[in-house]
Amino acid sequence: MKVYLDNNATTIVDPHVFAEMEPYFVQRYGNPNSLHLFASETHPALKDAMEKIYAGIHAPKEDSVVITSCATESNNWVLKSIYFEQILTGKKNHIIISEVEHPSVIATAKFIESMGCKVTYLPINHEGI
């Protein structure tokens, strides 16, 4: 028997979600942010989905939500954004992470460390503490 234990990375698509998304996988697949005809078919659906997200999380305005393509991009963007904001405002220049973070967090930490940030890597024992 196979057991999939990496649901942090990806999960099976719920049949209802798949049914809702299927047209955008096979018929209306244009980049919704482009200017061509295909975009005009997908942009309204993206706008509707974003409005549902804003309403669902009570976002105060549209530019308060950033959608990224994956966790790696998100981790990279957040860590670099915080680091550069701290540097530009003269605040602290130190982050603390565990040694067992996602590889994207470790890689970004090493990058900002090379830029002069102090990074502390906390060790984890055999019990995960």
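The values are calculated or read from the model by the stated rules, or taken from the named source; none is laboratory data. This is a predicted model, so every value here is computed, not measured. Cβ coordinates were reconstructed from backbone atoms using ideal geometry, including for glycine residues, and neighbour counts include every protein chain displayed.
Data for the structure
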{"read-out": "Long-range neighbours under 9 Å by Cβ, at least six apart or interchain, first residue assigned by TED's automatic domain parsing to the domain that holds Tyr29 within region 41-60, second of a type in the set (Val, Ile, Thr) and part of a loop (DSSP other than H, G, I, E, B)", "value": "Met50/Val65; Met50/Ile67; Ile53/Val65; Ile53/Ile67; Tyr54/Val65; Ile57/Val65; Ala59/Val65"}
{"read-out": "Any hit, region 37-58, residues being part of a loop (DSSP other than H, G, I, E, B) and within 30 Å of His102 (Cβ to Cβ)", "value": "yes"}
{"read-out": "Selection count, region 83-97, where residues are in contact (Cβ under 8 Å) with a residue 24 or more places away in the chain and closer than 25 Å to Ser69 by Cβ", "value": "3"}
{"read-out": "Qualifying positions in region 103-129 - in a strand (DSSP E or B) and among the hydrophobic types (A, V, I, L, M, F, W, C)", "value": "Val119, Leu122"}
